[in-house]
Amino acid sequence: MRVTRLDQAPPYQPPSHHGVGGLRLQGHEAGPTARFWTGLSYYLPGGAADVAPTVEETVYVVLDGELVVTADGREETLRRYDSVHLTKGETRSVENRSKRPVTLLVIIALPPGED
């Protein structure tokens, strides 16, 4: 068992994200995992992830606040405890259009052979 305390989670900057801070909870800098990594992202009001294809299978879970996720032309507003699954290569963007910060749990599969 490997525990990552929130106050010890390593920070990371997700590429092509603006107004977003990230903490690695498991995987990569937080310690090896076999099939996925997890992170916690904080989206400030106006914070966004640019339009880009997902590099691997991805799940987002909104823990607090409200985010707009657009995938392959379909827009959905996610609120507390809502989640979305994105397949590898699906084009997506994420935006906090609200006046409140958003906390997002991120789970992303690792590429085959990476741990």
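Laboratory data are not the source of any read-out in this text; all were calculated from the coordinates shown. Bear in mind the structure is a predicted one, so any value in this text is a computation, not a measurement. Counting neighbours? That spans all protein chains shown, and the Cβs are built from the backbone with ideal geometry, glycine included.
A few remarks follow.
- Reported label for calculated Rg and Dmax of the Cα atoms in Å given [x] 16.4, 57; [y] 13.6, 41; [z] 15.2, 46: [y]
- The value for the range 70-115 of Rg(Cα) / (2.2 N^0.38 Å) is 1.37.
- Dividing the mean sequence gap of close Cα pairs (under 8 Å, 6+ apart) by how many residues the range 1-105 holds gives a relative contact order of 28 percent.
- Sites T91 and M1 - FRET efficiency at Förster radius 30 Å, r taken between beta-carbons, to 0.05: 0.20
- Cleavage-rule hits (trypsin sites (Lys or Arg not before Pro)) in the range 27-115: DSSP loop, at most 16 neighbouring Cβ within 10 angstrom: R35, R80, K88, R97, K99
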